[in-house]
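The values are calculated or read from the model by the stated rules, or taken from the named source; none is laboratory data. The structure displayed is predicted, hence computed values, not measured ones. With ideal geometry, Cβ positions are generated from the backbone for all residues, glycine too; neighbour counts draw on all protein chains shown. Heavy atoms of the whole protein, side chains included, go into the accessibility calculation; ligands, DNA and RNA do not. Shrake-Rupley method; radii C 1.70, N 1.55, O 1.52, S 1.80 Å.
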Amino acid sequence: MSPTQWDFPVELCCRPMAFVTLTGLDVVYNAVHRAVWDAFCANRRADRVPISFKVLPGDHEYPKCRPKRTSYEWYIPKGILKTGWMNKHLNLVPALVVVFYELDWDEPQWKEKQSECATRVEIVRQSLQGRNTKVAVVLIQKKTPLPPGEDVIASERAAALCNACELSGKSLFVLPHTDHLVGYIIRLENAFYEHAQTYYYTEIRRVKSHKEFLNKTTHQLLFVRHQFKIAFFSELKQDTQNALKNYRTAYNLVHELRAHETNILEIKTMAGFINYKICRLCFQHNTPLDAIAQFRKHIDLCKKKIGSAELAFEHAAWMSKQFQAFGDLFDEAIKLGLTAIQTQNPGFYYQQAAYYAQERKQVAKALCNHEASVTYPNPDPLETQAGVLDFYGQRSWRQGILSFDLSDPEKEKVGILAIQLKERSVVHSEVIITLLSNAVAQFKKYKCPRMKSHLMVQMGEEYYYAKDYTKALKLLDYVMCDYRSEGWWTLLTSILTTALKCSYLMAQLKDYITYSLELLGRASTLKDDQKSRIEKNLINVLMNESPDPEPDCDILAVKTAQKLWADRISLAGSNVFTIGVQDFVPFVQCKAKFHFHAPSFHVDVPVQFDVYLKADCPHPIRFSKLCISFNNQEYNQFCVIEEASKASDVLENLTQGKMCLVPGKTRKFLFKFVAKTEDVGKKIEITSVDLVLGSEAGRCVVLNWQGGGGDAASAQEALQASRSFKRRPRLPDSEVHWDGIVIQASTMIISRVPNVSVHLRHDPPALTNEMYCLVVTVQSHEKTLIRDVKLTAGLKPGKLFFSKFHLLGSRMFLVYVSYLINTTIEGKEIVCKCHKDETVTIETVFPFDVAVKFVSTKFEHLERVYADIPFLLMTDLLSASPWALTIVSSELQLAPSMTPMDQLESQVDRGENVAHSPSLAEGRVICICFVVSWTSAMDSIPVISTVITLPHVIVENIPLHVNADLPSFGRVRESLPVRYHLQNKTDLVQDVEISVEPSDAFMFSGLKQIRLRILPGTEQEMLYNFYPLMAGYQQLPSLNINLLRFPNFTNQLLRRFIPTSIFVKVSDANQSSHPLSSLLLPTFKLSQH
């Protein structure tokens, strides 16, 4: 039996499509025929009907149809499904035969051509004798036909041709060879598809008609066969729902068959075929859960149907193929748009397929372990006359025999022996590796790292069994990192053991040494005797000798490896292998730590650090050299410990040696050196620790730790130790707990501690823009002379500093003093640069506060001012300094659009309060600056000018300005003339309504109510004579103005600009003036631009 026996037939796995043959086309020599054939075959997109075309000669012999059976009474089937049946209906027996013939309707020799066409059709019918295959004729014409009914000759000749060929009108087609050939071809395809569906429908009915002749006693196999055929014809008809329904029925019928050792393989084979079809259609219908449920049901029903115990490996192979096929279907469905998840993806099915392939390998190894004297039977019992089996799943030496009793036990025995000997030639590892590789790809795709690593280990082991040690090492080395990082030490030990065997069998020196170092370490779970053997082999390799073979290796592979090792020894000289241990767990641990837990060392103090080493191997071991490397390589020469020894001394129990490590004991090495003065302010970092095992006479291994030590397991162990509440046992003073040592691989070199004092004297706070005085006093307490003393504060050196602060708040002020001094360290004189910093925080405050008020000429508060309307500006200046300030002068800086109404004056009251006359402005926003020149009590401080930006105020325009001219006071019963000036400030003619409301204190003459127009930019004057009736402050008659164009202009706004009351005196002409009558404030006027 060939290794491909378990592969599903191609015709089972492909998508069934209607089979149509085309005759009468010469695709080699006729360009028109070639173009027609290309149009049928090229660019078959998914939207075109599913048809499989094939060009055959007109006299092609199709498979003969067997005589129709009228009764099944005495018929005994020999099997379930013939091996050639699916291929026959997919590729041999067409649903439709199309005869192509070149004939135009206006052909002069019409009769002869018609007769020739009818003859070709008859030849096709003769070759299809007894089959229901449809026949159609396509006339290839040069001209485009007229619409139906318009060409009378064409209609007549078409009817005559149909009669001559015995065809219906639906089976005759015309194909014009024009520019639109593809369009005509697609229409032809659709017509062919309808004919093919009719054929398959007829075949389904024909098969169903046989059921009434069958009985359950002798025709159980036929029930399965016919149900499978109906389902297959339904697929060809593209009726997938009915196909699925019939496949399910066929599957149930298969498991109703009585199973025996003689037919169990045929039952499983057909069950596997039908299950494949059901799962494929479920995925096609987008019901993946149904497919998974069907497959699980299939496995549950078949996993215990093993069959012959001597051929148990066949069952494992069959199970493997079931899982592989389902995984392929699942993966294909995903590529077509199905969504899978982590817990349900094709990887699990490929993994299970690999598991059964491994089981097949183990069972075959046990059952096919024949002696070398056993030869393959002759004649070959697995060969058949036709070269293939008649029915799927049957044995070649007893085809068609359905009896449960073996008629020829000897022939059965020979057949089983032949199968077993054939199985021995199967390369099982290749099958397993392929399946595992598919599974790994799926688990990688769905982000299942642990499953991926697990299967990669199995792949590596299979490569090892297949003697492909290079690929095995590559895979195993890849997954070791994951198991180290997660602490799976047992699994890691198993992988390392296999990797060590591979490296031994390939005589890979560095790999062999690396894996040996890790198998001797604390992460290894090997027993001490196994570690001792590995340790001995490692020393042999370092002594340039061959190691002993690893246990459980193939004998032939060991002999080959011994030759390779012998070649390595003969060619080897002084070899040095540097192995970085940060990625694995060696048998030696290393930690470097600077003294005192200090993050820094002063340059006048020696730098000291310890290197701790601990061995985890079974026996004491001697190293030859320990050296430390720094980021400044000039220090490397001071940190080397070396001990000369012979290669044979490596494992001698000399615990007193300087470089000898005893298992489980921590060894400490002290290093000391003097830092260079140019490294002050820099970090000194241990870049690596190198521990040398072996000697130059043989081979030398350099264990290299990056930084201050630590390997792949150190971080995890440190975390566990920090979380552990276990109490550590008390150790002698000379020993330390390994977990208590913390790696500290770097330190800073800082300057010598200065022995000087720096005192700062000043008077806070500082005022903004003031020159602030700071007095610095430096005093040396050194025992020797200091030199090159430098004092720096900000940007100006010296003892007395003036600093100007421009921003408010706290400011940090730094004074820096540096000097040089000679000192001796470890007998070596060096020049140290010392420095000391002193800082002081100085609070900066503003020298004074300014309060501003905008008021009208009547001292009313203003939120906004109006153009050309005078207003008053009042400022109050309040000192914020703790000491006296001298105000030298103050000045009000007006905006360009502002005009003073009179002289700007200011008054200073002993430097504490300042008052200014206000100003007038115009524009949208007024911006005014107040400049104060001042100085403090210190004589050396110059005058300081502080510019204060006063708060902004909004400026608005009003359409009508109203001014009133009236005396400063009136007298009772004396005429009081009042003139009102109305000026239009707009570009429009203003319609103004004016009315005067009377007052109880006055009589008046003039227009009480008037409506007038004021032209743009002009002024209108209104004259009134008021006659006071009472003395004192009296309310003037109220002037009301209404602007028709500006309804927002209110009388309340008007009353801000004109006086609303006046002081009236009694009529005594000699009475002195009122004291308030002379109260006038300086005013400003806004000019409109």
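Couple of notes before you dig in:
So that you can scan it fast, the table gives a plain yes or no per residue for (1) in contact (Cβ under 8 Å) with a residue 40 or more places away in the chain; (2) on the phi > 0 side of the Ramachandran plot; (3) surrounded by 14 or more Cβ atoms within 10 Å (Cβ to Cβ); (4) not in a loop (DSSP other than H, G, I, E, B):
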site: R1013; (1), (2), (3), (4): no, no, no, yes
site: P1016; (1), (2), (3), (4): no, no, no, no
site: E1021; (1), (2), (3), (4): yes, no, no, yes
site: Y1024; (1), (2), (3), (4): yes, no, yes, yes
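- Residue in the range 1-23 that is modelled with the highest pLDDT, counting only those that are over 20 Å from N91 (Cβ atoms) and part of a loop (DSSP other than H, G, I, E, B): S2
- Residues satisfying the stated conditions in the range 639-652, i.e. touching a strand residue (DSSP E or B) at 6+ places or on another chain (Cβ under 6 Å), at pLDDT below 90 and of a type in the set (A, V, I, L, M, F, W, C): V650
- Residue list for the range 322-357, restricted to those being surrounded by fewer than 21 Cβ atoms within 10 Å (Cβ to Cβ), polar (S, T, N, Q) and part of a helix (DSSP H, G or I): Q352
- The condition of being surrounded by fewer than 20 Cβ atoms within 10 Å (Cβ to Cβ) and closer than 18 Å to H298 by Cα holds for only one of L253, L214, L244, L257, that being L257.
- Of all residues in the range 8-45 being small (G, A, S) and more than 30 Å from I278 (Cα to Cα), the one that is surrounded by the most Cβ atoms within 10 Å (Cβ to Cβ): G24
- Here Q238 meets each of (1) within 26 Å of A39 (Cα to Cα); (2) not in a loop (DSSP other than H, G, I, E, B) with one exception, condition (2).
- Any hit, the range 411-433, residues being closer than 28 Å to G272 by Cα and without any contact (Cβ under 8 Å) to a residue 24 or more places away in the chain: yes
- Test set (1) under 30 Å from C927 (Cα atoms); (2) open to solvent by 60 Å² or more (accessible area, probe 1.4 Å); (3) in contact with a strand residue (DSSP E or B) (Cβ under 6 Å, 6 or more places away or on another chain) - L982 fails condition number: (2)
- If you check K134, K82 for being open to solvent by 20 Å² or more (accessible area, probe 1.4 Å) and within 30 Å of S396 (Cβ to Cβ), only one passes: K82.
- The numbered conditions (1) more than 26 Å from D711 (Cβ to Cβ); (2) in a loop (DSSP other than H, G, I, E, B); (3) open to solvent by less than 10 Å² (accessible area, probe 1.4 Å) are all true for P549 except (3).
- Here the range 437-461 is the region considered, the condition is being assigned to a helix (DSSP H, G or I) and farther than 19 Å from Y483 by Cα, and the residue that is least open to solvent (accessible area, probe 1.4 Å) is A439.
- In the range 217-241, residue most open to solvent (accessible area, probe 1.4 Å) [restricted to those that are at pLDDT below 90 and β-branched (V, I, T)]: T217
- In the range 303-321, of all residues being in a helix (DSSP H, G or I) and out of contact with any Phe, Trp or Tyr (no Cβ under 8 Å at 6 or more places or on another chain), the one that is surrounded by the fewest Cβ atoms within 10 Å (Cβ to Cβ) corresponds to A309.
- Residues satisfying the stated conditions in the range 577-593, i.e. buried (at least 21 other Cβ atoms within 10 Å of the Cβ) and in contact with a strand residue (DSSP E or B) (Cβ under 9 Å, 6 or more places away or on another chain): V581, P586, F587, V588, Q589, C590, K591, A592
- Here the strands (runs of 3 or more DSSP E) wholly within the range 1027-1089 that include at least 1 residues being closer than 23 Å to P959 by Cβ and at pLDDT 50 or above are 1038-1043.
- Every pair of residues 6+ apart whose Cβ atoms lie under 6 Å, when the first sits in the range 205-227 and is free of Cβ contacts under 8 Å to residues at least 60 places away in the same chain while the second is outside any helix (DSSP H, G or I) and of a type in the set (S, T, Y): none
- Which numbered condition H806 fails, given (1) under 53 Å from the mean Cα position of the chain (by Cα); (2) open to solvent by less than 70 Å² (accessible area, probe 1.4 Å); (3) modelled with pLDDT under 85: (2)
- In the range 235-256, the residues that are in contact (Cβ under 8 Å) with a residue 60 or more places away in the chain form Cβ pairs under 6 Å with partners that are assigned to a helix (DSSP H, G or I) and open to solvent by 50 Å² or more (accessible area, probe 1.4 Å), at six or more places apart or across chains, as follows: K237/Q197.
- Meets criteria (touching a His at 6+ places or on another chain (Cβ under 6 Å) and either open to solvent by 40 Å² or more (accessible area, probe 1.4 Å) or assigned to a loop (DSSP other than H, G, I, E, B) (or both)) for K361: yes
- Some residue of the range 145-163 being more than 30 Å from R206 (Cβ to Cβ), open to solvent by less than 60 Å² (accessible area, probe 1.4 Å) and in a strand (DSSP E or B): no
- No other residue among K111, K88 is in contact with a Pro (Cβ under 7 Å, 6 or more places away or on another chain) and among the basic types (K, R) apart from K88.
- Residue match in the range 279-296 (condition: within 26 Å of Q362 (Cα to Cα), open to solvent by 40 Å² or more (accessible area, probe 1.4 Å) and not aromatic (F, W, Y)): yes
- Residues located in the range 103-118, provided they are open to solvent by 70 Å² or more (accessible area, probe 1.4 Å), free of Cβ contacts under 8 Å to residues at least 40 places away in the same chain and either touching a helix residue (DSSP H, G or I) at 6+ places or on another chain (Cβ under 8 Å) or not basic (K, R) (or both): P108, Q109, E112, E116
- Residue within the range 471-487 that is outside any helix (DSSP H, G or I) and open to solvent by 40 Å² or more (accessible area, probe 1.4 Å) present: no
- Among (1) under 26 Å from L128 (Cβ atoms); (2) free of Cβ contacts under 8 Å to residues at least 12 places away in the same chain; (3) acidic (D, E); (4) surrounded by fewer than 14 Cβ atoms within 10 Å (Cβ to Cβ), the one test that E61 misses: (2)
- Scan of the range 994-1009 for residues that are out of contact with any Pro (no Cβ under 7 Å at 6 or more places or on another chain), farther than 15 Å from H981 by Cα and not charged (D, E, K, R), ordered by number: M1003, S1005, Q1009
- Of all residues making up the range 694-710, the number that are open to solvent by less than 10 Å² (accessible area, probe 1.4 Å), under 15 Å from I628 (Cα atoms) and either over 41 Å from the mean Cα position of the chain (by Cα) or of a type in the set (G, A, S) (or both): 1
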